[in-house]
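The structure appears right after this line, and notes come after that.
Any read-out appearing in this document is the output of simple, stated calculations on the displayed coordinates, not a laboratory observation. These numbers were taken from a predicted model, which means no experiment stands behind them. As a convention, Cβ positions derive from the backbone with ideal geometry for all residues, glycine included, and neighbour counts pool all protein chains shown.
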Ligand code: C2E
Ligand code: CA
Ligand code: CA
């Protein structure tokens, strides 16, 4: 099955169909549109990995289509075709650039098969196409995903060791270290992994990375807890708890060193199913943390039924504490509520001393954020741990 899909927009059907045929010869799935509105509507429903558009069309012209693509935040490559002179084509390229659109090639009409073939070849070899299923599967096999580690620390009332907090462990945050794309952040690849149906494989892969980290720490004497993130689809899998527990047992890692962070919205998407899966995880001895709290709309009754040990207040609320009285009221209320329900509270996104002092005053238990450290590559995380008085054996 072709991995990439191109949408072709041209008011002349013979030309549009011809481009689609050349695209298929180059392993692209293709779809032809003669109407710009239909083309734009289709893009919203089913994202194409690239588009080819004719600049001169009756009705919506090519420039207006570019403007609308920009409004849709379309970031994939665009092939522009036109019978107009080069000067017009160049100004279209400038217009696209100013609107943050990625024009990969400009093809003068009449379109020649060799030229089009070369444009498709360039597209396939460029890294501007979104990664395909094969790209992700290969990246996992090649070990290109890495867990960066960001410290979580208990706020101490008295100054202890080097500072005002005691290191408890780390949160593992996925990074894709791709030789061709560079270091890529999770917000740029997690949605794509999900859309391609690869979430279960990715979850297993992250879990393997977490196990490897815990094993390495065991050997080097670092006694830290490790938290990993899971998506909504992961907590729908009824076999999750048994699978994770088996993997821990097989690799000789104490599963009690592991915390699983699940966002409020993931836990609330299918509350009944989540209750089942989360309870099994809890019964198996994994610690559960409710992530990004304050961004969703969970009912407190449901929250109380779910077996979380920890609640993480979303960083957007925490970072507003310094400037907004309303955020201070909300954060303080969440801390009191969580404590009343027997949950430990983590404030994430703590960036300055002032916020740390406010949180200490409200008896917040744990902090995480740039004030302590940014997410660190594994070797620097170990160094940070030792330098900040983390437990070692
Ligand atoms: P999250 O779980 O809420 O992770 C915290 C995010 O906040 C991280 O972004 C971290 O770098 C950032 N952050 C930490 N401290 C501060 C701070 O003081 N200020 C600011 N402005 N930001 C701070 P990152 O690493 O880009 O991760 C984004 C999201 O991607 C995560 O949000 C998590 O939902 C998801 N994610 C990361 N790794 C995985 C994974 O392995 N699996 C799954 N399913 N999701 C993951
Ligand atoms: Ca998290
Ligand atoms: Ca979070």
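Numerical summary
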{"read-out": "Helix 271-283 vs. the chain, principal-axis angle (Cα, 0 to 90°, nearest 10)", "value": "50 degrees"}
{"read-out": "Spin-label proximity, residue 166 to region 199-238 - amide N less than 20 Å from point 7 Å beyond Cα toward beta carbon", "value": "221-227"}
{"read-out": "Centre separation in Å (Cα based) which lies between region 77-143 and region 199-246", "value": "39 Å"}
{"read-out": "Acute angle (nearest 10 degrees) that the helix 240-251 long axis makes with the longest principal axis of the chain, alpha-carbon atoms", "value": "70 degrees"}
{"read-out": "Global form of region 4-125, assessed from the alpha-carbon gyration tensor, a/c cut-off 1.5", "value": "rounded"}
{"read-out": "CD proxy at 222 nm, helix term only [per DSSP H run n ≥ 4: -39500 (n - 2.57); per residue of the chain; nearest 500]", "value": "-13500 deg cm²/dmol"}
{"read-out": "Theoretical gain in end-to-end length, residue 97 to residue 185 [0.36 nm per residue, Cα-Cα removed]", "value": "29.3 nm"}
{"read-out": "Förster radius 22 Å - calculated FRET efficiency between residue 328 and residue 156 (Cβ-Cβ, nearest 0.05)", "value": "0.50"}
{"read-out": "Listed residues 189, 120, 293, most fluctuating in the chain (Gaussian network, C-alpha, under 10 Å)", "value": "120"}
{"read-out": "Within region 118-152, backbone nitrogen closer than 14 Å to the virtual label 7 Å beyond the Cα of residue 204 toward Cβ", "value": "137-138, 140-141"}
{"read-out": "Ranked 262, 206, criterion: other C-beta atoms within 10 Å, fewest first", "value": "206, 262"}
{"read-out": "205, 194 arranged by Cβ crowding within 10 Å, fewest neighbours leading", "value": "194, 205"}
{"read-out": "FRET efficiency, 1/(1 + (r/R0)^6) with R0 45 Å, evaluated for residue 35 and residue 309 via beta carbons", "value": "0.25"}
{"read-out": "Residue order, fewest to most beta carbons within 10 Å, for 387, 272", "value": "272, 387"}
{"read-out": "Highest-first arrangement of 372-379, 250-257, 309-316, where packing means the average Cβ count within 10 Å", "value": "309-316, 372-379, 250-257"}
{"read-out": "The chain: relative contact order in percent, alpha carbon pairs under 8 Å with at least 6 residues between", "value": "12 percent"}
{"read-out": "Full-extension gain in nm, residue 220 to residue 276, via 0.36 nm per residue minus C-alpha separation", "value": "16.5 nm"}
{"read-out": "Angle in degrees between helix 186-195 and the longest Cα principal axis of the chain, rounded to the nearest 10", "value": "70 degrees"}
{"read-out": "Separation in nanometres of the label points that stand 7 Å from Cα toward Cβ, at residue 339 and residue 243", "value": "3.9 nm"}
{"read-out": "Distance (nanometres) between label positions extended 7 Å along Cα→Cβ at residue 316 and residue 14", "value": "5.3 nm"}
